[in-house]
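Please read the structure below before turning to the comments.
The values are calculated or read from the model by the stated rules, or taken from the named source; none is laboratory data. Every value quoted in this text rests on a predicted model; they were computed, and no experiment measured them. Here the Cβ positions follow ideal geometry from the backbone for every residue, glycine too, while neighbour counts run over all protein chains shown. Only protein heavy atoms, including side chains, enter the accessible area calculation; ligands, DNA and RNA are left aside. Shrake-Rupley method; radii C 1.70, N 1.55, O 1.52, S 1.80 Å.
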Amino acid sequence: MKKILFIGYGNMGAALGEAWRARSEGARVLAIDPAFATRPAAHGFASAQALADAGEGGAFDLIVLAVKPAMAADALRALPHPWMQGAVLLSIAAGVRLASLRAAAPAGLRLVRAMPNTPALLGLGCTGLFAEADVDEAAREQLGALLRHVGSVHWLQAEAQIDQVTAISGSGPAYYHLFSEALAQAGQALGLPAELARALAAGTAAGAAAQQGAPGADFAALRRAVTSPNGTTAAAIAVFEQDEALRQLVLKAAQAAHRRAIELSSAA
């Protein structure tokens, strides 16, 4: 996929676009404002007309829809049809179902939905993908290769799994940030200076995440390796595990996020 067009270029779109510009040999990445107004060239934006006038029209290999959900259908309808001939559309517009995209898209445009998460900004993202049946294996491989520039890639078997992925990895970074925030506050309550407590919480999270990301890592085994019988870690884990309090709270939180994802998809 050598010719790529972004509709919108917010934080997530920029993370993808800049990674592809830097790491995809020969890829030409262009971006237009979703309102099709001219933006400064330094930001990689142009209007659709400006691109056409500059000879950048014609068919694109990949079009990335990176706009707010409410703008998705209108932005897609406003794109010149010749640009979409034979292209793959990758939508990262949260909650916008394939049926809505199909209603706004010309015939022949192959559709893929993605749910990335914010660590993609650091190249450490986690992206769930679902493609329509007409997206062939070659296109899937090319798209997966592009997205691996910003982290791991996981193909889904059903579109409904996008809402489940949203509840776990899409929203998940905020859960870890909240736990780190609580851990830093606990450090302060124990008497540590605020900055030291924050640094300890952040450093511990980074190290634990690296261990979890190792090939074949087992979460329970990693936990047990730190938990000596009758030791300090065991005392803390016993509080978390009492009546499965932490596990039940996490389950309820994930279920709430999943329900909300379904509601937003239904409204889009």
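Here are some notes:
- Test for Ser91: is it among the polar types (S, T, N, Q) and open to solvent by less than 10 Å² (accessible area, probe 1.4 Å): yes
- The set of residues in region 110-125 being of a type outside the set (D, E, K, R) and open to solvent by less than 40 Å² (accessible area, probe 1.4 Å) consists of Leu111, Val112, Ala114, Met115, Pro116, Asn117, Pro119, Ala120, Gly123, Gly125.
- Residue within region 231-238 that is over 21 Å from the mean Cα position of the chain (by Cα), outside any helix (DSSP H, G or I) and modelled with pLDDT of 95 or more present: yes
- Only one of the numbered conditions (1) in contact with a helix residue (DSSP H, G or I) (Cβ under 7 Å, 6 or more places away or on another chain); (2) within 21 Å of Ala94 (Cα to Cα) is violated by Ser169, and that is (1).
- Matching residues in region 228-257 - criterion: being open to solvent by 100 Å² or more (accessible area, probe 1.4 Å) and not β-branched (Val, Ile, Thr): Pro229, Asn230, Gln242, Asp243, Arg247, Leu249, Lys252
- Filtered residues of region 150-181 (kept if open to solvent by 50 Å² or more (accessible area, probe 1.4 Å) and assigned to a helix (DSSP H, G or I)): Gln161, Gln164, Ile168, Ala174, Tyr175, Tyr176, His177, Leu178, Phe179, Glu181
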